[in-house]
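Asks: Right, I'll just put the structure down here and ask away after.
The values are calculated or read from the model by the stated rules, or taken from the named source; none is laboratory data. These figures come from a predicted structure and were not determined experimentally. Cβ placement follows ideal geometry from the backbone for every residue including glycine, while neighbour counts extend to all protein chains displayed.
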Amino acid sequence: MKTAALVLASGLSRRFGTEDKLLAELKGQALLAYCLDAARESGFDGLYVVSPDPDPRADLARRHGFRVISNPAPEAGQGASLALGSRYVIEKGFDAVCILLGDMPMVLSDYIRELCREPGDIVFSEVNGLDQPPAVFRHKALYSLTQLSGDKGAKSLDLSEFTITRLSLPEEMSVDFDHPSDFQL
């Protein structure tokens, strides 16, 4: 089975103010770089980022060895980004995708590898009983992502036809960065 890493990096950072949160510095490097490094270290068959292009986020992704899937309409939301990226990796011959968010810098490659080893059509990370990224979608579950739109992510899918597995994500890895104050943790 060929699995691609798909990093979502198209967000508009509305809650962050005027600065691009994915390029904001955290301990000496851009926030997005942490997610890119973890994905690259996880041993995927392909590395992809959904980002506006041209854009400094796309440039950063390329420097980290990722192919950029150009998102011409980031304002369309996370669901639209997921659909765009999923269609692209399917066209490139992948059977599965691991969805990662560029604003979750604490997720480690060891966790990502463990997530990808879990069985099921969909493998969600779980924190306090809630499903969240990173998540793996295989076979027909991957194809279902191509139907998403708007700002609702995979949670808007009818999951009843899929085998779902959950892997506990340590709370310290579940932190996503949305506000400038998050950088002071």
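Asks: Quick check on my filter: what residues within region 39-57 are crowded, with 21+ Cβ neighbours inside 10 Å and either farther than 20 Å from residue 106 by Cα or among the hydrophobic types (A, V, I, L, M, F, W, C) (or both)?
Replies: Matches in region 39-57: 39, 44, 49, 50, 51.
Asks: When the residues of region 50-66 are filtered to those that are within 14 Å of the chain's Cα centre (by Cα) and outside any helix (DSSP H, G or I), which remaining residue is nearest to residue 4 (Cα to Cα)?
Replies: Per the stated criteria, the residue is 66.
Asks: Of everything in region 14-28, what is at pLDDT 55 or above and surrounded by 14 or more Cβ atoms within 10 Å (Cβ to Cβ)? Give them in sequence order.
Replies: Correct list: 20, 21, 22, 23, 24, 26.
Asks: In region 137-185, what residues are over 27 Å from residue 24 (Cα atoms) and among the β-branched types (Val, Ile, Thr)?
Replies: If the condition is that a residue be over 27 Å from residue 24 (Cα atoms) and among the β-branched types (Val, Ile, Thr), then 146, 163, 164, 165 are the ones that fit.
Asks: Within region 40-57, can you find the residues that are without any contact (Cβ under 8 Å) to a residue 40 or more places away in the chain and touching a Ser or Thr at 6+ places or on another chain (Cβ under 6 Å)?
Replies: Selection gives 53 alone.
Asks: Looking at 168, 160, 125, can you tell me which residue is closer than 25 Å to residue 42 by Cα, free of Cβ contacts under 8 Å to residues at least 60 places away in the same chain, surrounded by fewer than 18 Cβ atoms within 10 Å (Cβ to Cβ) and of a type in the set (Gly, Ala, Ser)?
Replies: 168
Asks: So, one more: Pairs only if they're at least six apart or on different chains, beta carbon under 6 angstrom, first in region 60-81 and modelled with pLDDT of 95 or more and surrounded by fewer than 20 Cβ atoms within 10 Å (Cβ to Cβ), second among the hydrophobic types (A, V, I, L, M, F, W, C) and in a helix (DSSP H, G or I); list them, first residue then second.
Replies: Going by the 6 Å Cβ cut-off, the qualifying pairs are 64/36.
Asks: Suppose we filter region 152-167 for residues that are small (Gly, Ala, Ser) and at pLDDT 85 or above; how many remain?
Replies: Here is the first cut: in region 152-167, the residues small (Gly, Ala, Ser) are 153-154, 156, 160.
Among the residues that remain, those that are also at pLDDT 85 or above are: 160.
Going through region 152-167 one residue at a time, the tally reaches 1.
Asks: Now, a different point. What strands (runs of 3 or more DSSP E), lying completely within region 84-164, carry at least 2 residues that are touching a Leu at 6+ places or on another chain (Cβ under 8 Å) and under 18 Å from residue 71 (Cβ atoms)?
Replies: 96-101
Asks: Out of curiosity, is residue 136 of a type in the set (Val, Ile, Thr), modelled with pLDDT of 95 or more and surrounded by 13 or more Cβ atoms within 10 Å (Cβ to Cβ)?
Replies: Details: of a type in the set (Val, Ile, Thr): yes; modelled with pLDDT of 95 or more: yes; surrounded by 13 or more Cβ atoms within 10 Å (Cβ to Cβ): yes.
So residue 136 fits the description; yes.
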